[in-house]
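The values are calculated or read from the model by the stated rules, or taken from the named source; none is laboratory data. Bear in mind that the values here come from a model prediction, so they are computed numbers and not experimental data. Note that we place each Cβ from the backbone using ideal geometry, even for glycine, and neighbour counts take in every protein chain shown. These accessible areas exclude ligands, DNA and RNA; they are computed on the full protein's heavy atoms, side chains included. Shrake-Rupley method; radii C 1.70, N 1.55, O 1.52, S 1.80 Å.
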Amino acid sequence: MVAGAFPIAKLLTLGMRQLSKPLAARIKAAARASPFFRAYVCGPPAQLYHWVEMRTKMRIMGFRGAAVKPLNEEAAAELGAELLGEAIVFSVGGLCIYLEYARQAGNARRREDEQSAAMEALQQQVAEQGLALETLDARLRQADRALLELASAPRK
């Protein structure tokens with residue numbers, strides 16, 4: 001039963017990742033069209049990304065104090081929408097990885113619980129066998145004493 005469920009879980013994870021790409025494309029298109037998203041959701045992250053990227057490139061090339069010009073609104077909206085789409089795909093992928101980890105951790109926990117229950121049952125059986133052995137040993141000693149008493153008793 002577990003072997004049959006494993007490929008289905010993998011298939012569902014792959015399906016979620018594949019569905020996230022068209023979903024991200026639709027959200028990107030809506031973000032480009034909406035003035036609110038362009039100004040407040042896509043624009044600031046795009047400007048920050050552009051600023052960090054340009055500062056890094058300038059430092060690598062040796063320009064230390066140069067100012068970075070911000071992107072125009074259209075380019076910022078486009079870059080912000082792309083960043084938003086990539087963040088959505090990345091988030092869905094991360095969620096899939098987390099869910100797979102949680103599923104495997106649950107399976108491992110269940111396996112450990114089963115093993116500990118089996119170990120406790122075995123320990124209980126060993127304890128019961130030990131008590132049975134002690135009882136048999138006591139009976140054997142009692143029988144040996146009775147035999148010695150019979151053997152050492154005077155014959156009439």
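Answer yes or no as to whether Gly130 is part of a helix (DSSP H, G or I) and closer than 30 Å to Ala33 by Cα.
Details: part of a helix (DSSP H, G or I): yes; closer than 30 Å to Ala33 by Cα: no.
Answer is no for this residue.
Within the range 35-46, restricting attention to residues that are within 12 Å of Asn72 (Cα to Cα) and buried (at least 17 other Cβ atoms within 10 Å of the Cβ), which residue is modelled with the highest pLDDT?
It comes out as Ala46.
Would you mind stating whether Ala153 is over 30 Å from Gly15 (Cβ atoms), open to solvent by less than 70 Å² (accessible area, probe 1.4 Å) and either of a type in the set (Asp, Glu) or out of contact with any Phe, Trp or Tyr (no Cβ under 6 Å at 6 or more places or on another chain) (or both)?
Working: over 30 Å from Gly15 (Cβ atoms): yes; open to solvent by less than 70 Å² (accessible area, probe 1.4 Å): yes; either of a type in the set (Asp, Glu) or out of contact with any Phe, Trp or Tyr (no Cβ under 6 Å at 6 or more places or on another chain) (or both): yes.
In short, yes.
Pairs under 8 Å by beta carbon, first residue open to solvent by less than 60 Å² (accessible area, probe 1.4 Å) and among the β-branched types (Val, Ile, Thr) in the range 83-104, partner at pLDDT 85 or above and in a helix (DSSP H, G or I), six or more apart or different chains?
none
Return only the number of the condition from (1) more than 30 Å from Tyr101 (Cα to Cα); (2) open to solvent by 80 Å² or more (accessible area, probe 1.4 Å); (3) part of a helix (DSSP H, G or I); (4) modelled with pLDDT under 90 that Leu14 does not satisfy.
The one condition Leu14 does not meet is (1).
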